[in-house]
Amino acid sequence: MKKVLIVSHALELGGAERSLIGLLDALDPNVCTVDLFLLRHEGGLLRDIPQYVNLLPQVSSYTVLARPMKDTLREGHVLLTAARLKGKMKAKQYDKKHRYIDSSVALEYSHKYTWHLMPDIQPVTEYDLAVSFLTPHYFVVKKVRAKKKIAWIHTDYSTVQVNVLSELAMWSAYDHIMSISNAVSESFLKTFPSLRNKLILMENILSKNMLVRQSAEFYTWFDMKKVDTISLLSVGRFTNAKNFDNVPIICKILLKRGLKIRWYLIGFGGDEALIRQIIHESGMVNHVIILGKKYNPYPYMKDCDLYVQPSRYEGKCVSVREAQMLGKPVVITKYATSFSQLEDGIDGVIVPMDNEGCADGIARVLQNPMLMKVLSENCLKRDYSNSNQVGKLYSLL
C-alpha cells in the first residue's frame with residue numbers, strides 16, 4: 001500500500017479547497033493511504049473530508065501563519081512572529097523597488113522566512129508521494145520525507161507579480177508540478193520557462209454526487225425572492241480578482257436595459273466593505289444582495305436563473321464548473337484563461353471585461369430563452385467532474 005501525504009492551508013469555502021475535497025473523494029483507499037496535514041484546522045469544508053483520510057493533528061507552530069501577529073505574539077510565538085515580520089518588511093522593500101501593486105511576494109515570504117523554524121511534518125514517516133496543494137510550497141520541500149514530491153498551481157501567473165528568482169528556487173525543488181489548465185500552464189511557463197519538463201496537466205476534480213446531494217438540502221426562496229425578477233448569482237471570495245466591486249455598476253446598466261433583476265453575491269473577504277459602499281453609492285441596495293458566507297452555496301446555484309463570474313482573472317474557476325454541473329447557463333468575463341474554462345456559445349458565454357460590454361453580453365443571454373435552454377442542456381450532457389484525472393496521480397506512485 002502506497003503512502004500519500006497532502007499538505008494545504010485550511011479548508012475555507014474556496015474553489016481550490018473544494019477541488020482538494022474532490023481530489024480526496026476520488027482517491028481509492030485500496031490504492032493508497034492518505035494523510036492530510038492542514039496548517040490550520042479551520043473552514044466549513046472540514047466536515048467534508050472523506051472518512052478514510054487521516055487528518056493529522058494540528059501543530060501550533062504552523063497556525064502562526066495567516067493570523068494577526070499581535071495574537072501570535074501574545075501566544076508566545078516570538079521567533080516565528082519576528083520571522084513573519086521580517087518577511088513582510090522584505091516583501092515591502094521588494095515591491096517598492098519593483099513598483100509592484102498587485103503582488104504576491106508577501107505571501108511567499110511569509111513561508112520563506114519561517115520554514116526553518118517549523119518542526120518536521122511526521123518526521124518518522126517516509127511517504128511514497130508528498131503533495132503541496134497550495135502555494136507557497138516551502139514546507140513539503142523542507143519538512144517532509146518523501147520519495148517523490150509534487151506541487152500544485154492554481155493561479156494565472158500572468159496576473160500576479162512575484163519574485164521570479166525566489167519562486168523559481170521554490171518550484172525547482174519539486175519532482176513534478178501539477179497545473180489545473182492549459183492556460184494556467186502557458187502563463188506559468190512564460191514566467192518559469194525552465195520548468196517545462198516538470199509540468200503535468202491535471203484538472204481539478206469535483207464530486208458531482210456531493211454537489212447534487214447538497215443542492216437539494218434546502219430551499220432558497222426566503223433569501224432569493226424571485227417574484228417577477230431574474231436572479232443572477234456569483235460565488236467567490238470578496239477580493240480584487242473576483243471583480244465583485246463592479247457588480248453594482250453592471251447591475252445598474254442592466255436595469256437601464258429594462259431587465260428586472262436581482263444579483264446575489266455569496267462569499268466573504270477583505271473587499272466586502274468596498275462592495276457594500278459601491279452598492280449604496282450606486283443605489284443598488286434592492287438589486288445587489290450580499291448573502292454572505294455560505295457553507296453550502298449549491299441550492300442557490302440550482303435556483304438562480306443565470307450564474308455569472310465577472311472576474312478580472314482566474315486559474316480555472318471551480319464555481320463556474322459547479323454551476324455547469326447543475327445545468328445552469330453560465331456567463332464569464334473574458335479574463336486571460338476564459339477560453340480554457342468553457343466553449344463560448346456552447347456550454348457558456350464569454351462577455352467583455354468592461355462594465356458596459358459585460359452588461360450587454362449578459363442582457364443578450366437573458367433576452368434569448370432558446371440560448372439559455374441550449375446552454376443548460378449542453379452542460380447537463382457533459383462530465384465536469386474530471387474524476388478520471390486521479391489516474392495521473394496514481395501514475396506518479
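The values are calculated or read from the model by the stated rules, or taken from the named source; none is laboratory data. Everything numeric here is computed off the predicted structure, so don't read it as measured data. Here the Cβ positions follow ideal geometry from the backbone for every residue, glycine too, while neighbour counts run over all protein chains shown.
Select from region 54-85 the residues that are over 27 Å from the mean Cα position of the chain (by Cα), surrounded by fewer than 15 Cβ atoms within 10 Å (Cβ to Cβ) and farther than 23 Å from PRO123 by Cβ and list them in ascending order.
Passing the criteria: LYS70, ARG74, GLU75, VAL78.
Condition test on ALA106, is it at pLDDT below 90 and under 24 Å from VAL144 (Cα atoms)?
no
Quick one: in region 98-134, of everything that is farther than 21 Å from CYS32 by Cβ and among the aliphatic types (A, V, I, L, M), which residue is surrounded by the fewest Cβ atoms within 10 Å (Cβ to Cβ)?
ILE101
When region 264-294 is examined, which residues are found to be within 18 Å of THR239 (Cα to Cα) and part of a loop (DSSP other than H, G, I, E, B)?
Correct list: GLY267, PHE268, GLY269, GLY270, ASP271, LYS293, LYS294.
Scanning for something in contact (Cβ under 8 Å) with a residue 24 or more places away in the chain, out of contact with any Pro (no Cβ under 9 Å at 6 or more places or on another chain) and under 19 Å from ALA363 (Cβ atoms), does region 205-227 turn up at least one residue?
yes
GLY327: more than 18 Å from the chain's Cα centre (by Cα) and small (Gly, Ala, Ser), yes or no?
Here the answer is yes, as GLY327 does meet what is asked.
Can TRP171 be described as in a strand (DSSP E or B), out of contact with any Ser or Thr (no Cβ under 6 Å at 6 or more places or on another chain) and surrounded by 20 or more Cβ atoms within 10 Å (Cβ to Cβ)?
No.
Identify all residues within region 185-204 that are in a helix (DSSP H, G or I) and either within 13 Å of TRP171 (Cβ to Cβ) or without any contact (Cβ under 8 Å) to a residue 60 or more places away in the chain (or both); write none if there are none.
SER185, GLU186, PHE188, LEU189, LYS190, THR191, PRO193, SER194, LEU195, ARG196, ASN197, LYS198
If you check HIS137 against the conditions, is it crowded, with 21+ Cβ neighbours inside 10 Å and closer than 18 Å to VAL7 by Cβ?
Against the criterion (crowded, with 21+ Cβ neighbours inside 10 Å and closer than 18 Å to VAL7 by Cβ), HIS137 qualifies.
Any idea which of LEU291, LEU233 is buried (at least 21 other Cβ atoms within 10 Å of the Cβ) and either in contact (Cβ under 8 Å) with a residue 40 or more places away in the chain or basic (Lys, Arg) (or both)?
Being buried (at least 21 other Cβ atoms within 10 Å of the Cβ) and either in contact (Cβ under 8 Å) with a residue 40 or more places away in the chain or basic (Lys, Arg) (or both) holds for just one of LEU291, LEU233, which is LEU233.
Check region 126-136 and report whether any residue there is without any contact (Cβ under 8 Å) to a residue 60 or more places away in the chain and in a helix (DSSP H, G or I).
no
Hey, among LYS86, LYS3, LYS96, which residue is basic (Lys, Arg) and part of a strand (DSSP E or B)?
LYS3
Looking only at residues in region 14-64 that are in a loop (DSSP other than H, G, I, E, B) and small (Gly, Ala, Ser), which one is modelled with the lowest pLDDT?
The qualifying residue modelled with the lowest pLDDT is GLY14.
Please find, within region 329-386, the residue that is modelled with the lowest pLDDT out of those that are assigned to a helix (DSSP H, G or I) and in contact with a Ser or Thr (Cβ under 7 Å, 6 or more places away or on another chain).
SER340
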